[in-house]
Amino acid sequence: MNTSAHAFLSVLAAHGVDRIFQVPGESYIGLLDAVADFPQIDLVTCRHEAGAGFMACADGRLTRRPGVVMVSRGPGATNASIAVHTAQQDAIPLILVVGQVPKKDLRREAFQEIDYRAMYGTIAKWVFEATAPEQLAEIAYKAVRMATTGTPGPVVIAIPEDVQQQAVAPVSWRARPHDGLRASPEGLARVRSLIEHAQRPLIIAGGAFDVPGGREALQAFAQAWQIPVCVAFRRHDLFPNSHPLFVGDLGLANPSAQLDRLHSSDLILALGTRLDDVTSQNYSFPTLPQPAQPLVHCYPDPRVVGLHFATEVGLACDPVGLVQDLMPASVAHMPSRESWARELRQVHLQIAAWPQRAADDGVRFVEVVRQLKARAPSDLRVCLDAGTFAAPVYRHFGFDFPQRLMAPLAGAMGYGTPAAVATALREPRSRVVCMVGDGGFMMTGNEMIAAVQRRLPILFILANNGSYASIRIHQERAYPTRHPGTDLFNPDFLSIAKGFGMTAERVEREDQIEAALQRGLQAQGPHFIEVMTSLKVTLPQAG
């Protein structure tokens, strides 16, 4: 029998959804039963809805299709809310399916009932609550479109438990992708003129280039016009970090000397970025609201273009198509631009240089990152949790695609472990490394069981400094000598990892790093390394 649940899942499957992350609940057991009739969908059972949601976020980022997570009502939906916020902040397509109370009990404050339109209305692109079985296929169809068009983001669908298993007519609906909007001839001419007359242009490249052919188009454009490239917040893998035109990222701790040089640019091409608060250095670069130099802002969502900053040219179009349309007839040779790019590149290289100071209290985590970089395969996927331990990766690592950085723009702790599992499931031939702090690991570390169950070759590296160090650093700055609430009493992480069933070891001295990484990178299944670092050697910046 073709049920409403089958119709719902058939539409998702037709759009390429081949994996669903879930924590089972009685409020969507009808949907769960129907999944058994879709062998092409891999059902990943998780232990907490936050972890399941983070997995779906990582999967959506990698595939550019909606990551799908199914949870039960009330507690399940609230636990999953962190993923909805992350998807919104990171511009990731996500579909959260929530089992709801029976239709007859809606708005009666029934057991575990929540009005999800009120709950998620400000962070989801679309929230819909089904009231009839016939709606489910149409809802799935619209959810895919809403999650993937314009600025990608999260969609929430609430499905009452009594509308999931009724007979409905089978459907075979699939939305065709929209053609990418291209800039008008007039718009192209204005941008081309600005580029031709600029002496110190700068590209700020954002996540909209994370599509097939996007990185190649960006690199070709930058090379042809000899324009240096700065990537947006945590978008390090968009442009080869070893390229002479790569001049760094706009993150949480850019030195003033670098920002001073960037401010001296005479044209900013903000392409594929929303120019969020971090990328724009708390709305100070460009200057708000009227930039000191001409600003070209291109993003495939008219709501975003010029939202905060006045533009010389605003383009609500595909940035990949834009740079392709702006390619010059021949490669430009402009000595002033070459000098400008070398100047910015030199500033970046000074910032990115590996520190040389010796450790006197615990292992410097920057040394772990340095040695990982020295051994990094070309297809390495680095999945980062939030925390100060990640600062050396953002500042020093240097990514060259197909190497990938999987890090939450939303800054959510607990992202690293589930993201690593989802990445290894999606890209089993790539080497996946998860780096996580002792605080973030305890939020969602239970997903390691999936890595053991499926024999995923993930290298987990945990930095143990006994503290919520990011907050501790702020405390030390604002309230020296007073730091309540940030010390951590930690369990035996090594025993936890071994209890999950993986090989595990502890690094207590820097001369142990090389051999430990070698074992971890060669392991056929999950491998866990605990690095005993300390607050004294924790870097005071996070990128």
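The values are calculated or read from the model by the stated rules, or taken from the named source; none is laboratory data. Note that the structure is a prediction, hence the values are computed from the model and not measured. Here Cβ is always computed from backbone atoms with ideal geometry, including for glycine, and neighbour counts include all displayed protein chains.
Check Ala329 against each of (1) more than 29 Å from Leu252 (Cβ to Cβ); (2) surrounded by fewer than 16 Cβ atoms within 10 Å (Cβ to Cβ); (3) modelled with pLDDT of 95 or more; (4) not polar (S, T, N, Q) and name the one condition it does not meet.
(3)
Is one or more of the residues making up the range 305-317 modelled with pLDDT of 95 or more, under 23 Å from Tyr394 (Cβ atoms), in the same structural domain as Leu218 (by TED's automatic domain parsing) and buried (at least 16 other Cβ atoms within 10 Å of the Cβ)?
No, every residue in the range 305-317 fails to be modelled with pLDDT of 95 or more, under 23 Å from Tyr394 (Cβ atoms), in the same structural domain as Leu218 (by TED's automatic domain parsing) and buried (at least 16 other Cβ atoms within 10 Å of the Cβ).
Enumerate the pairs (first residue in the range 179-196 and over 12 Å from Gly314 (Cα atoms); second residue anywhere and of a type in the set (Asp, Glu) and assigned to a helix (DSSP H, G or I)) with beta-carbon separation below 9 Å, excluding pairs fewer than 6 apart on the same chain, so at least 6 apart or on different chains.
From the range 179-196, the pairs are Arg182/Asp325.
Name the single residue that is farthest from the chain's Cα centre (by Cα) among those in the range 269-304 being within 17 Å of Ala208 (Cα to Cα) and not in a loop (DSSP other than H, G, I, E, B).
Across the range 269-304, the extreme among qualifying residues is Val296.
Would you confirm whether or not the range 207-220 contains a residue that is over 12 Å from Pro319 (Cα atoms), modelled with pLDDT of 95 or more and over 21 Å from the mean Cα position of the chain (by Cα)?
yes
Going through Arg426, Arg381, Arg404, Arg431 one at a time, which residue ends up being more than 17 Å from the chain's Cα centre (by Cα) and either outside the structural domain of Gln22 (by TED's automatic domain parsing) or surrounded by 24 or more Cβ atoms within 10 Å (Cβ to Cβ) (or both)? Outline the logic, then answer.
On the way: Arg426 fails: more than 17 Å from the chain's Cα centre (by Cα); Arg381 fails: more than 17 Å from the chain's Cα centre (by Cα); Arg404 fails: more than 17 Å from the chain's Cα centre (by Cα).
The unique qualifying residue is Arg431.
Applying the selection to the range 321-349, what residues are hydrophobic (A, V, I, L, M, F, W, C) and not in a helix (DSSP H, G or I)?
Leu326, Met327, Ala329, Val331, Ala332, Met334
Looking at Glu216, Glu134, Glu161, which is the one that is without any contact (Cβ under 8 Å) to a residue 60 or more places away in the chain and surrounded by fewer than 24 Cβ atoms within 10 Å (Cβ to Cβ)?
Glu216
Please verify whether Ile449 is surrounded by 14 or more Cβ atoms within 10 Å (Cβ to Cβ), farther than 19 Å from Gly362 by Cα and of a type outside the set (Ser, Thr, Tyr), treating the condition exactly as stated.
yes
Within the range 1-42, track down each residue that is of a type in the set (D, E, K, R) and over 30 Å from the mean Cα position of the chain (by Cα).
Of everything in the range 1-42, those that are of a type in the set (D, E, K, R) and over 30 Å from the mean Cα position of the chain (by Cα) turn out to be Glu26, Asp33, Asp37.
Just to verify a result, which residue in the range 255-266, among those that are surrounded by fewer than 21 Cβ atoms within 10 Å (Cβ to Cβ) and in contact (Cβ under 8 Å) with a residue 60 or more places away in the chain, is farthest from Ala198 (Cα to Cα)?
It comes out as Pro255.
Looking only at the range 114-131, which residues are polar (S, T, N, Q) and either surrounded by 14 or more Cβ atoms within 10 Å (Cβ to Cβ) or more than 20 Å from Pro152 (Cα to Cα) (or both)?
Once the filter is applied, which keeps residues that are polar (S, T, N, Q) and either surrounded by 14 or more Cβ atoms within 10 Å (Cβ to Cβ) or more than 20 Å from Pro152 (Cα to Cα) (or both), the range 114-131 yields only Thr131.
I'm trying to understand the selection: among the residues of the range 125-174, which are closer than 26 Å to Thr63 by Cβ and among the β-branched types (Val, Ile, Thr)?
Val127, Ile139, Val144, Thr148, Thr149, Thr151, Val155, Val156, Ile157, Ile159, Val171
Please state which one of Leu31, Leu43 is in contact with a helix residue (DSSP H, G or I) (Cβ under 6 Å, 6 or more places away or on another chain), among the aliphatic types (A, V, I, L, M) and surrounded by fewer than 24 Cβ atoms within 10 Å (Cβ to Cβ).
That would be Leu43, the only listed residue that is in contact with a helix residue (DSSP H, G or I) (Cβ under 6 Å, 6 or more places away or on another chain), among the aliphatic types (A, V, I, L, M) and surrounded by fewer than 24 Cβ atoms within 10 Å (Cβ to Cβ).
Here are Thr444, Thr481: which of them is in the same structural domain as Ala407 (by TED's automatic domain parsing) and either surrounded by fewer than 20 Cβ atoms within 10 Å (Cβ to Cβ) or farther than 17 Å from Gly416 by Cβ (or both)?
Thr481
Table: residues versus (1) under 27 Å from Ala58 (Cα atoms); (2) touching a residue at least 60 places away in the same chain (Cβ under 8 Å); (3) of a type in the set (Ser, Thr, Tyr).
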{"position": "Ala292", "(1), (2), (3)": "no, no, no"}
{"position": "Tyr299", "(1), (2), (3)": "yes, yes, yes"}
{"position": "Val313", "(1), (2), (3)": "no, yes, no"}
{"position": "Pro335", "(1), (2), (3)": "no, no, no"}
{"position": "Gly362", "(1), (2), (3)": "no, yes, no"}
{"position": "Phe365", "(1), (2), (3)": "yes, yes, no"}
{"position": "Gly398", "(1), (2), (3)": "yes, yes, no"}
